[in-house]
Amino acid sequence: GAGVSQSPSNKVTEKGKDVELRCDPISGHTALYWYRQSLGQGLEFLIYFQGNSAPDKSGLPSDRFSAERTGGSVSTLTIQRTQQEDSAVYLCASSPKGSTEAFFGQGTRLTVV
Amino acid sequence: GENVEQHPSTLSVQEGDSAVIKCTYSDSASNYFPWYKQELGKRPQLIIDIRSNVGEKKDQRIAVTLNKTAKHFSLHITETQPEDSAVYFCAAHRGSTLGRLYFGRGTQLTVWP
């Protein structure tokens, strides 16, 4: 079946512009994560959605970052007024109810020039 | 929250040798410990996991051990092959559907032929 889908796969934007990154989780998965991975670095947690619970936003690096999850499915990560240090691969993952295994998407490579 | 430490950050071994990656965690309530493998340019994927009710789990050349008292767990790869070269991430989870995964910073494993 279809895995976690992220779009776009690559995004180049000018410094100061806003960007939206999209994640389509596996159908029926209740948990959704966003992570950021800079070149050669680890997985930096950004935000976690679980069902109808309030999201865990503790990893968002600044108020320029926000995310929403509509209808418990698709999620959008928005970065306002992008900076060069925002350049990274943004990974989305989802987990089914009752399971802790995270299924990752291929990521969106964001380059801020 | 949970804090997961992972060592070493890089590891080089000769083909056929064994490789060991170690992680420690801080939250005694964590009871699920997965390991993810990320090959170059690809998404992280689950390779093995262990729950706190067992001390060791094996899957062919891969094994994971868990010491709950000391709050550490390790990944063991025997008879390493060049295709084992990747970044490996450990993680910890409370096992509740409301909790999230906490990842270590990753280990870059290189297996030389």
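So the values come out like this:
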| quantity | calculated |
| --- | --- |
| Residue match in the range A:15-30 (condition: within 11 Å of chain B (Cβ to nearest Cβ), under 17 Å from A:F104 (Cβ atoms) and in a loop (DSSP other than H, G, I, E, B)) | no |
| Every residue from the range A:52-90 that is within 14 Å of chain B (Cβ to nearest Cβ), part of a loop (DSSP other than H, G, I, E, B) and surrounded by 12 or more Cβ atoms within 10 Å (Cβ to Cβ) | A:S53, A:P55, A:K57, A:G59, A:L60 |
| Strands (runs of 3 or more DSSP E) fully within the range B:6-46 counting 2 or more residues that are in contact with a Pro (Cβ under 6 Å, 6 or more places away or on another chain) | B:32-38 |
| In the range B:1-54, the residues that are closer than 11 Å to B:A92 by Cβ, β-branched (V, I, T) and surrounded by fewer than 15 Cβ atoms within 10 Å (Cβ to Cβ) | none |
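A short reminder: the numbers here are calculations on the coordinates, not readings from a lab. All values reported here derive from a predicted model rather than from experimental measurement. Glycine also receives a Cβ, built like all others from the backbone with ideal geometry; neighbour counts cover every protein chain displayed.
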